[in-house]
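To keep things clear, I will list the structure first and then write my remarks on it.
The values are calculated or read from the model by the stated rules, or taken from the named source; none is laboratory data. What you see is a predicted model, and the numbers here were worked out from it, not measured in a lab. Cβ atoms come from the backbone with ideal geometry, glycine included; neighbour counts cover every protein chain shown.
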Amino acid sequence: MNPTHLKTKSRVRAIPMPRTVVPLQWIAGLAFLAALLMAAVGSAQAKGTPDGFADLAEKLIPSVVTISSTQAMPESRGPEGFNVPPGSPFEEFFKDFFERNQPQQRRRRPTSLGSGFIIDNDGHVVTNNHVISDSEEITVVLHDDTLLKAKLIGTDPDTDLAVLKIDLKGHKFKVAEFGNSDKARVGDWVLAIGNPFGLGSTVTAGIISARGRDINAGRYDDFIQTDAPINKGNSGGPLFDKDGSVIGVNTMIYSPSGGSVGIGFSVPSNVALPVVKQLIENGKVRRGWLGVRIQTVTDEIAESLDLKEATGALVASVSEGSPAADGGIEPRDVILKFAGREVSEMRKLPRIVAETPIDKEVDVVVWRDGKEKVVQVTVGELKEEQMAAAAEERRDGSPEQSVEDIGLTLAELTPELTQRFELAEDAKGVVVTKVDPDSAAAEKGLRVGDLVVEVGQEEVTSPAQVAAKVKKAKDANRKTVLLLVEGQGGLRFVALRLGSK
């Protein structure tokens, strides 16, 4: 018999449940709360997984343009090895001779394609500096394929931004509005619109993968990372949020193949907008200057200074005659706040200072002698000579040296490099920062981030020591030099041929 069909003759006594009286107001309240909960769940689902982006894309596409730039051609100089001195009486004769007797070749001028977006009714267009750099002619193509000549207003290589201007009278277009990138959150939906591979207006969607990315592209790195497909030609195009506001300028991708692998980087709108405004007003960007060389505050440094946590920027040195020196900032100070803004990590300070108005007196909170101290600093202007000095200071703080005989560029271990390459806190040796791809070092598998611990069975702590020991081996007519290298696979000995390519 099927057990589910079995019946029993036992009598089952029904036991009534205790009677409970629930006020009608409670029932109404519970129903209202349930309705609110359902609405919230529905709203969250709608916000997290939109049905599509068609309406938004239709609205935004007319604000995005294609940028076509043409670079100057190198002058024709006749056959290789035969150059007529400029101003020679025979210059025109030989020029005419070679033009008549050389085979006819189609002359091409290098061009580049990128993207941009219109930001106001005056016709200002934002794009990347690398899209239009060294250009002889710049053409903007509207969404309806209208071609317009563009005038370059200004560029800022430090943030890779540029502003153009076109005459929009009589043309159909829409203005893209900047949003607040600080409100963007990891996981938010975003749209990228641009001109990948010259195909024309293309819309892709994704999410914000990360914020505040430092990819060593420049001094003011603070990129938004997105997995929205971005390819060659998208450079300079906008990254929109779901409200249709520009929260980023698509600038570069990480790709071993050259195509999108889901790792793209955009300049945040809150970084781009002040730069764009200055370019429109002045044709250039003026940035604040403090005059300090700084380094990361590690856990060990924080503990030695009695700081509760590793935060701020540690002042390694102060430039003579700088705003920092005049304001009383000293080496070993840890800058915690600048102009009321938190300096949560070392790399944020340069951007905060750069965005501060020049000649403005600001409060700087520093950690000194185990307690906070406030000093007043009048922000200076960062000029070319100060930028060069800052670059020199960075070289002094973490000197790099190329040792050509073994195909390596090396640097001393610093807290910044230890953090960058995720090295052990007690790591020893010299850091590999570049590997010549045609060298014996590349053949033996040495990579950036490896540590050279010994050369010729002797410990090394600086690139100069490595270079000296390599030179000593070469002077002794040795064909190889023995290195003890620590990499991802641990310690290993590597014998490198000297001067071998």
Problem set entry | Single condition V481 does not satisfy, out of (1) at pLDDT 85 or above; (2) in a loop (DSSP other than H, G, I, E, B); (3) farther than 30 Å from E345 by Cβ | (2)
Exercise. When the range 254-277 is examined, which residues are found to be without any contact (Cβ under 8 Å) to a residue 24 or more places away in the chain and either small (G, A, S) or within 25 Å of G154 (Cβ to Cβ) (or both)?
Worked result: S255, S257, K277
Problem set entry | Flag if A192 is surrounded by 18 or more Cβ atoms within 10 Å (Cβ to Cβ), aliphatic (A, V, I, L, M) and touching a Lys or Arg at 6+ places or on another chain (Cβ under 7 Å) | no
For this session: Pick out the one residue from E303, E342 that is of a type in the set (D, E) and out of contact with any strand residue (DSSP E or B) (no Cβ under 8 Å at 6 or more places or on another chain).
Result: E303
Seminar exercise, completed: The correct count of residues that are surrounded by 20 or more Cβ atoms within 10 Å (Cβ to Cβ), at pLDDT 85 or above and not in a helix (DSSP H, G or I) in the range 253-292 is 13
Exercise. Is there a residue in the range 150-173 that is touching a Phe, Trp or Tyr at 6+ places or on another chain (Cβ under 9 Å) and assigned to a loop (DSSP other than H, G, I, E, B)?
Worked result: yes
Seminar exercise, completed: Taking the range 484-501 and keeping residues under 17 Å from L423 (Cβ atoms), surrounded by 14 or more Cβ atoms within 10 Å (Cβ to Cβ) and of a type outside the set (D, E, K, R) leaves L484, V485, G487
Problem set entry | Residues of the range 128-183 satisfying the condition of being within 19 Å of K277 (Cβ to Cβ) and of a type in the set (D, E, K, R) | K151, D156, D158, D160, K165, E177, D182
Exercise. Among the acidic types (D, E), in a loop (DSSP other than H, G, I, E, B) and within 19 Å of L413 (Cβ to Cβ) - does that describe any residue in the range 458-471?
Worked result: no
Exercise. Is it the case that A228 is of a type outside the set (S, T, Y), buried (at least 18 other Cβ atoms within 10 Å of the Cβ), out of contact with any His (no Cβ under 8 Å at 6 or more places or on another chain) and assigned to a strand (DSSP E or B)?
Worked result: no
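Here is a yes/no grid of residues against (1) farther than 16 Å from W289 by Cβ; (2) touching a His at 6+ places or on another chain (Cβ under 7 Å); (3) without any contact (Cβ under 8 Å) to a residue 40 or more places away in the chain:
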site: A325; (1), (2), (3): no, no, yes
site: G328; (1), (2), (3): yes, no, no
site: I358; (1), (2), (3): no, no, no
site: V364; (1), (2), (3): no, no, yes
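Just checking, how many residues over the range 337-364 are within 25 Å of Q419 (Cα to Cα) and assigned to a strand (DSSP E or B)?
4
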For this session: Look through the range 97-151, keep the residues that are within 31 Å of the chain's Cα centre (by Cα) and of a type in the set (K, R), and return whichever of them is modelled with the lowest pLDDT.
Result: R109
